[in-house]
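Below is one structure, written out as structure tokens, with a few remarks after it.
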């Protein structure tokens, strides 16, 4: 088995997608280290949702991507590195773009330099479909032009291109994993689906921004499975691969599905604070994962309604995590 005994570093491993990736790697027999940003509230994050025996098998290191020496210490001795750590909030990037660039761009350079010096065997950098901006054609394949419409998206385009430049300049074994909108259990309140679910369960109304943008929603365990396959296949080195379902849904339609599952009929209210600047809103993201299908034999296994049901069940069990139902950037 490929992962048995492999030493794997997951930056951002205490986050939503990272926690699922860590769990899947542990199940496959890997020796997993998590590099996560220190906060006074603790460093475990979404990893606290793992079964106790899985959590205890992890090595967790607190640090900051902007601290090159700390990153280098975490990378040392690792066979595979998955780089997920980033500022991911688009609204936050409007408020603090410099912070986003320092973490997402400079932090990625620190990671790549550490991997270059350590001779890391495989590196998978996580990107985002936001790098494409509003679709110029659909479905969006990897040749679609980059058109970042927020400081966050621009920082991820930069990080991706730096990663590919290291692959070309230094012959480093780098793959860019570009998932479309990942959702599922452990997703924080800032994301649209848990926001809808929590309000449908506990509020008199559902406050949202625009209902018309369309998104290709990918279940989190399918995202993790695709990323692992990218690390396993050497043919992906130096390439970018989309992970997507090939179907999209509007935010308004997503509300309808959630309310139908919960048996609620709450009114939807427009919250101006949640609306992106007009030229920054990405109206449609619909992905083409043909390259991942051909190179990896990967395809999503979880349908949208099944994934939404699992997400609803998780939110219902963890409402204490959503005690503040106000808007979070």
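The values are calculated or read from the model by the stated rules, or taken from the named source; none is laboratory data. What you see is a predicted model, and the numbers here were worked out from it, not measured in a lab. Counting neighbours? That spans all protein chains shown, and the Cβs are built from the backbone with ideal geometry, glycine included.
With the structure loaded, tell me whether residue 253 is surrounded by fewer than 22 Cβ atoms within 10 Å (Cβ to Cβ), within 26 Å of residue 299 (Cβ to Cβ), modelled with pLDDT of 95 or more and more than 22 Å from the chain's Cα centre (by Cα) or whether it fails that test.
Numbers: surrounded by fewer than 22 Cβ atoms within 10 Å (Cβ to Cβ): yes; within 26 Å of residue 299 (Cβ to Cβ): yes; modelled with pLDDT of 95 or more: yes; more than 22 Å from the chain's Cα centre (by Cα): yes.
Judged against the criteria, residue 253 is a match.
Of all residues in segment 144-164, which are farther than 19 Å from residue 94 by Cβ and part of a loop (DSSP other than H, G, I, E, B)?
First pass over segment 144-164, keeping only residues farther than 19 Å from residue 94 by Cβ: 144-146, 160-164.
If the condition is that a residue be farther than 19 Å from residue 94 by Cβ and part of a loop (DSSP other than H, G, I, E, B), then 144, 145, 146 are the ones that fit.
Would you confirm, using the coordinates I've provided, whether residue 14 is in contact with a strand residue (DSSP E or B) (Cβ under 6 Å, 6 or more places away or on another chain), within 30 Å of residue 279 (Cα to Cα) and in a loop (DSSP other than H, G, I, E, B)?
Details: in contact with a strand residue (DSSP E or B) (Cβ under 6 Å, 6 or more places away or on another chain): yes; within 30 Å of residue 279 (Cα to Cα): no; in a loop (DSSP other than H, G, I, E, B): yes.
So residue 14 does not fit the description; no.
Pick out the one residue from 153, 114, 159 that is farther than 27 Å from residue 306 by Cβ, free of Cβ contacts under 8 Å to residues at least 60 places away in the same chain and touching a helix residue (DSSP H, G or I) at 6+ places or on another chain (Cβ under 7 Å).
On inspection, the qualifying residue turns out to be 114.
Filter segment 1-11 for residues that are touching a strand residue (DSSP E or B) at 6+ places or on another chain (Cβ under 8 Å) and in a loop (DSSP other than H, G, I, E, B); which is nearest to residue 78 (Cα to Cα)?
Looking only at segment 1-11, we keep the residues that are touching a strand residue (DSSP E or B) at 6+ places or on another chain (Cβ under 8 Å), and these are 5-11.
Among the residues that remain, those that are also in a loop (DSSP other than H, G, I, E, B) are: 5-6.
Working: 5: 11, 6: 8 Å.
Selected residue: 6.
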Could you check, for segment 80-93, whether at least one of its residues is assigned to a helix (DSSP H, G or I), under 29 Å from residue 171 (Cβ atoms) and touching a residue at least 40 places away in the same chain (Cβ under 8 Å)? no
Take the residues in segment 30-66 that are assigned to a loop (DSSP other than H, G, I, E, B) and in contact with a strand residue (DSSP E or B) (Cβ under 8 Å, 6 or more places away or on another chain); name whichever of them is modelled with the lowest pLDDT. 43
For residue 294, indicate whether it is free of Cβ contacts under 8 Å to residues at least 24 places away in the same chain and either surrounded by 13 or more Cβ atoms within 10 Å (Cβ to Cβ) or in contact with a strand residue (DSSP E or B) (Cβ under 9 Å, 6 or more places away or on another chain) (or both). no
It is to be established whether one or more residues within segment 206-215 are under 21 Å from residue 282 (Cβ atoms), in a helix (DSSP H, G or I) and either touching a residue at least 40 places away in the same chain (Cβ under 8 Å) or in contact with a strand residue (DSSP E or B) (Cβ under 6 Å, 6 or more places away or on another chain) (or both). no
Residue 180 vs (1) modelled with pLDDT of 95 or more; (2) surrounded by 16 or more Cβ atoms within 10 Å (Cβ to Cβ); (3) more than 17 Å from residue 18 (Cα to Cα): all pass except (3)
Residue under evaluation residue 221, criteria (1) under 29 Å from residue 143 (Cα atoms); (2) surrounded by 23 or more Cβ atoms within 10 Å (Cβ to Cβ), criterion not met: (2)
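Does residue 108 satisfy the condition of being assigned to a helix (DSSP H, G or I), touching a strand residue (DSSP E or B) at 6+ places or on another chain (Cβ under 9 Å) and crowded, with 18+ Cβ neighbours inside 10 Å? Can you show your working first?
Numbers: assigned to a helix (DSSP H, G or I): yes; touching a strand residue (DSSP E or B) at 6+ places or on another chain (Cβ under 9 Å): yes; crowded, with 18+ Cβ neighbours inside 10 Å: yes.
Answer is yes for this residue.
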Looking only at segment 129-138, filter to residues that are assigned to a loop (DSSP other than H, G, I, E, B) and under 20 Å from the mean Cα position of the chain (by Cα); which one of those is surrounded by the fewest Cβ atoms within 10 Å (Cβ to Cβ)? 134
Within segment 256-274, is there a residue that is within 22 Å of the chain's Cα centre (by Cα) and part of a loop (DSSP other than H, G, I, E, B)? no
For residue 231: the one exception among (1) out of contact with any strand residue (DSSP E or B) (no Cβ under 7 Å at 6 or more places or on another chain); (2) in contact (Cβ under 8 Å) with a residue 24 or more places away in the chain; (3) closer than 29 Å to residue 290 by Cα: (1)
Residue under question is residue 308, and the condition is that it be surrounded by fewer than 17 Cβ atoms within 10 Å (Cβ to Cβ), under 19 Å from the mean Cα position of the chain (by Cα) and either farther than 30 Å from residue 161 by Cβ or modelled with pLDDT under 95 (or both); does it hold? no
